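The values are calculated or read from the model by the stated rules, or taken from the named source; none is laboratory data. It should be emphasised that the depicted structure is a prediction, and the values quoted were computed from it without experimental measurement. With ideal geometry, Cβ positions are generated from the backbone for all residues, glycine too; neighbour counts draw on all protein chains shown. To get the accessible areas, we keep the full protein, side chains included, count just its heavy atoms, and leave off ligands, DNA and RNA. Shrake-Rupley method; radii C 1.70, N 1.55, O 1.52, S 1.80 Å.
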Amino acid sequence: MYRYDEFDHRLVAERIRQFRRQVQRRLAGELTEDQFKPLRLKNGVYLQLHAYMLRINIPYGTLSSRQLRKFAEIARKYDRGFGHFTTRQNLQFHWIKLEQVPDILEELASVEVTTIQSSGNCVRNITSDQYAGVARDELADPRVYCELLRQYSVLHPEFSYLPRKFKIAVTGSPIDRAAVAVHDIGLRLHKNAAGEIGFEVLVGGGLGRTPHVAHTIRDWIEPENVLAYVESILRVYNIHGRRDNIHKARIKIIVNQMGIDRYRELVEQDYAAGGVKPLLPTDEIERIAAYFAPPDYERLEDIDDELERLAAAEPAFGRWWKNNVAPHKQPGYAIVNVSLKAPGAVPGDITADGMDALADLADRYSFGELRVSHRQNLVLPYVRQRDLHTLWRALADLGLATPNVGLMTDVIACPGLDYCSLANARSLPVARDIGMRFVDADELAAIGPMTINISGCMNACGHHHVGNIGILGVDKRGKEFFQLTLGGSSDKNASLGDRLGPGLAQEDVPDAIRAIVDTYLDLREEGERFLDTYRRVGIEPFKQAVYGSVEEAAA
Amino acid sequence: MQQMVIANRLADGAVVFLAAGDRWCTWIGDGRVLDEAEAELALATARRHEAENLVVEPSLIEVTVGDDGVPRPVAIREHIRAFGPTVGDGSTRPQVAGDNR
């Protein structure tokens, strides 16, 4: 993985010194809260309901065991013994004291981790496929370009005061695991007939209160020009983006107001204009690519037959292997997903002890490396297939082998009103109730792939618009209600969910989900996933199932 | 209507309630319940403390006092601020005898 050079180290050290003085001045009363707030936000420090929250970037979701151990140490020393992984491959600590933040930043810097630009109106953490570098279907490792974009965008003077936050995601695989179509800029790698790679550039996607699926602004841009093209998109946005209304300030708004054709015209004009361009010579791409060279794999063969035998002998292992293990590009290896969605657990939460234990397992079985997925799980990317059974046992002992990755209890949820000062309703108890209601592993497997995404307000941190089932918490005269949407998807054929009907009380949500699932099981045809059935039959049967049953229950 | 003044303490962000003697406490049961006549004056005190960098974002919240004498915020949001998240293992709950600095 990438290692800081002297410039990175110096930049981070200077930034921490600056922020330490800013905190001192705030505590001494030399800065007011209004003056201090933009400064703390630039360093990932929020004030939430119970305490300060610190948001830490995990660039493109790649994490070393050493970094994870440091997170565990911070969780114990400065927080309440746990952390929360988010949909943007960040880690959040929710019980932080402002006076201790500069010390925490020093600790993070010692393992080459920062909070710079994890909030505020700037280019945020660049996200990517959690299977980058190991996916069997991958064309090229997207992290090379993520890292170049990270270096380019960190403290970029022209883009430090954008109209609003700006999120970029990159995928190197045809199967989109990074949800690039719901980002401000999405980059999708393709290969042309000559075998060269290039990017399809998407722009103007996003969720929040006005969700949009991104438009393709350009079908093909060569790797050496990708920074220059991104710069032109950012520049047009910086000039034309609205600063008078926070709800109309994201790039998706102007792209959809002026139309993608006009936006493209402006970008192409800027791109064609003279001036200094951030071009990427091949040797620079290769220099960064060297950091992402594959680990020292052993020459091994796939052992599917043996794994089949083990799975037959031990169905619990079989279920885990089927759901949580993904194919690897290297023969004899596998990608292991670690579910942070045990029944009743808070999605994305992990204890300090869990972090330490996983760091040890990463050292033993995965070349000391882990990944964070935007679905709030962790990944061990380089596991020998012959270690799978032993690793499964070790994970099961830690309560980290719930075999539900990609299934309906692999719920995405934002922290909601239990922590967040923006939220209208609690998402975590809804996630917990769904997890507790659907515990039969055989039934979950029979239901098959399904995503449930929960947000506690219309800012949509839980990506509810792109959940196969989306759940949005709203406040109606001081009471929490939950609006369901169906048919959302963040994959290659991204779509926004359709609203099912009036909001439901929290206690009615699990029954409604039950009714939706039963309707799907009744209507599905051979080989269909929930999303396929929904797209074929439409919303009506589900509407009847939910509002029929809820009305009956109320009668 | 019974009210209390709630805020976050500047240095550590902890949720605090204005108590007797214009002190701030972390346990809601130690805070001062105000009637309407007292509320505005208490909020003015809190704003002064905000200007003196003791607390941030002070506001009045409506409470009801239960049989156990512990005030309970009416709004869910403020209830969660007072008593902690409604999920988790209990390590996130406020301590009853908070440090009342």
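Could you check, for region A:485-494, whether at least one of its residues is without any contact (Cβ under 8 Å) to a residue 24 or more places away in the chain and open to solvent by 50 Å² or more (accessible area, probe 1.4 Å)? Spell out how you get there, then give the answer.
Taking region A:485-494 as the starting set, the residues that turn out to be without any contact (Cβ under 8 Å) to a residue 24 or more places away in the chain are A:485, A:493.
Then drop every residue that is not open to solvent by 50 Å² or more (accessible area, probe 1.4 Å), which leaves A:493.
Taking every residue of region A:485-494 in turn, at least one turns out to be without any contact (Cβ under 8 Å) to a residue 24 or more places away in the chain and open to solvent by 50 Å² or more (accessible area, probe 1.4 Å).
Looking at region A:332-349, which of the residues that are over 30 Å from residue A:302 (Cα atoms) and open to solvent by 10 Å² or more (accessible area, probe 1.4 Å) is farthest from the other protein chains (Cβ to nearest Cβ)?
To start, the set of residues in region A:332-349 that are over 30 Å from residue A:302 (Cα atoms) comprises A:343-349.
Those still in the list that are open to solvent by 10 Å² or more (accessible area, probe 1.4 Å) too: A:343-346, A:349.
Details: A:343: 13, A:344: 9, A:345: 9, A:346: 6, A:349: 8 Å.
For region A:332-349, the residue satisfying everything is A:343.
For region A:452-479, a residue qualifies if it is open to solvent by 10 Å² or more (accessible area, probe 1.4 Å), within 20 Å of residue A:516 (Cβ to Cβ) and of a type outside the set (A, V, I, L, M), and the qualifying residues are A:463, A:465, A:468. Among the residues of region A:281-297, at least one is more than 23 Å from residue A:150 (Cβ to Cβ) and either among the acidic types (Asp, Glu) or not in a helix (DSSP H, G or I) (or both).
Restricting the search to region A:350-366, which residues are surrounded by fewer than 21 Cβ atoms within 10 Å (Cβ to Cβ) and not aliphatic (A, V, I, L, M)? Within region A:350-366, A:351, A:353, A:356, A:360, A:363, A:364, A:365 qualify. Determine which single condition residue A:430 fails, assuming it passes every other condition in (1) open to solvent by 10 Å² or more (accessible area, probe 1.4 Å); (2) out of contact with any Asp or Glu (no Cβ under 7 Å at 6 or more places or on another chain); (3) at pLDDT 95 or above. Only one criterion is unmet by residue A:430, namely (1). Screening residue B:82 against (1) part of a helix (DSSP H, G or I); (2) closer than 19 Å to residue A:48 by Cβ; (3) in contact (Cβ under 8 Å) with a residue 24 or more places away in the chain; (4) open to solvent by 20 Å² or more (accessible area, probe 1.4 Å) leaves a single unmet condition, (4). Taken together, A:88, A:40 contain a single residue that is more than 9 Å from chain B (Cβ to nearest Cβ) and out of contact with any helix residue (DSSP H, G or I) (no Cβ under 8 Å at 6 or more places or on another chain), which is A:88.
Being in contact with a helix residue (DSSP H, G or I) (Cβ under 6 Å, 6 or more places away or on another chain) and open to solvent by less than 10 Å² (accessible area, probe 1.4 Å) holds for only one residue in A:441, A:413, and it is A:413.
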